[in-house]
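Following: one structure in structure tokens, then a few remarks.
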Amino acid sequence: MKETGDRKVVLAFPRGFCAGVVRAIDIVKLALEAYGQPLYVRREIVHNKFVVNELHEKGVLFVNELGEVPAGSRVIFSAHGVPPEVWAEAEARRLKVIDATCPLVTKVHKEAVKYARDGYAIVLIGHSDHDEVIGTLGEAPGNIIVLDPEGDIERLKVADPAKIVYLTQTTLSINDTRRIVEKLRRRFPRIKAPNSEDICYATQNRQAAVLELTNRAELILVVGSANSSNSRRLVEVAQSAGVPAHLIDDIEDIQLSWIRDVETIGLTAGASAPEDLVERVVAYLGGLGYPHIEPGSGVMEHVQFSLPPELAEAAAAHHPRRPGE
Ligand code: SF4
């Protein structure tokens, strides 16, 4: 049995909110301030139940489909993006849309449109039931074949194997995707890669950070909701490196049997999980005899995305800057 004095928590760096999530949450909060209620959000703004509950308590109304939004109302599209038919439906119903789609998801949409226009078959590597993949697929359904990460590459059929490109969901496992792309290249030697990486900087940095933890910790806890793709990938990255890992929404999910005889616990959070949940887990583990906190070492992130211009203007009008500010 380890002495309590030896026990510690290593905090992954970076962890938690990415620039796309910060922007999406800011959009909802600023829109609520600037325009008031009713304010609708289609689907979860980001995949975290605490974030959604907090906004719901402030008066934001979450809906699954636009049919639930009264004609002419204001609605926000989530960070994961929507297919073009959702934009068309919003226009037909005269909804005032604020788009909180992460710019890095929009980039993949634009790639899909461009390659489809150029006559390419597009293999979209991603989870077919995820909102982001559904949104990208909708940009060019006649050209896109969705390949689930566990899908069978041998069964893929394209009209012209010389005109094929792959794109990916932004939150996939880097290692799994590399393996899938290698297999795709063996099957379709002339397959094109996207112009720039589709797996976003935040996914890459958080996976690298959790991998670093696997060298220092015997157990890894990932704060995040079960429907958060990037959080689930963090668990898988740790597990594939041979370290037990669990996804937890909050402290109630931590089972004492996991930490029995564990000296060092690695702790991280998915891109949609708020830092105050991480702090709650740290305090809870402190109470269980893990008094020391050590920082992980990863890259500092400086990415920031600007607000949609119409919202930036409305927010500025709501909070006019005073002279000298
Ligand atoms: S995880 Fe990446 S793509 Fe998704 S919202 Fe964050 S920055 Fe954007």
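Per-residue answers, yes or no, for (1) in the same structural domain as G126 (by TED's automatic domain parsing); (2) aromatic (F, W, Y); (3) in contact with a His (Cβ under 9 Å, 6 or more places away or on another chain); (4) over 24 Å from E212 (Cβ atoms):
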position: R233; (1), (2), (3), (4): no, no, no, no
position: D253; (1), (2), (3), (4): no, no, yes, no
position: I259; (1), (2), (3), (4): no, no, no, no
position: V262; (1), (2), (3), (4): no, no, no, no
position: T268; (1), (2), (3), (4): no, no, no, no
position: V281; (1), (2), (3), (4): no, no, no, no
position: E313; (1), (2), (3), (4): no, no, no, yes
Give the residues of the stretch 158-179 that are away from the ligand (no atom under 14 Å from the Cβ) and part of a loop (DSSP other than H, G, I, E, B), sorted by residue number.
-> V158, A159, D160, P161, A162, K163
Which of (1) within 16 Å of the ligand (Cβ to nearest atom); (2) touching a helix residue (DSSP H, G or I) at 6+ places or on another chain (Cβ under 7 Å) is the odd one out, the single condition V21 does not satisfy?
-> (2)
Of these, V133, V158, V146, which one is farther than 29 Å from Q304 by Cβ and within 21 Å of the chain's Cα centre (by Cα)?
-> V146
Qualifying position, being out of contact with any His (no Cβ under 6 Å at 6 or more places or on another chain) and either more than 14 Å from the ligand (Cβ to nearest atom) or part of a strand (DSSP E or B) (or both), among I220, I199 | I220
Among helices (runs of 4 or more DSSP H) lying entirely in the stretch 235-325, which contain 3 or more residues that are of a type in the set (A, V, I, L, M) and either touching a residue at least 40 places away in the same chain (Cβ under 8 Å) or within 16 Å of the ligand (Cβ to nearest atom) (or both)?
-> 275-287, 309-318
In the stretch 210-217, is there at least one residue being within 16 Å of the ligand (Cβ to nearest atom), closer than 17 Å to K8 by Cα and in contact with a Ser or Thr (Cβ under 8 Å, 6 or more places away or on another chain)?
-> yes
Could you tell me whether Q204 is surrounded by fewer than 24 Cβ atoms within 10 Å (Cβ to Cβ), within 22 Å of V108 (Cα to Cα) and within 14 Å of the ligand (Cβ to nearest atom)?
-> yes
State whether the residues of the stretch 182-194 include one that is over 22 Å from A112 (Cα atoms) and touching a Gly at 6+ places or on another chain (Cβ under 7 Å).
-> no
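The values are calculated or read from the model by the stated rules, or taken from the named source; none is laboratory data. Note that the coordinates shown come from a computational prediction; the quantities given were computed from them, not determined experimentally. Because the Cβ atoms are built from the backbone with ideal geometry, glycine has one as well, and the counts that use them run over all protein chains shown.
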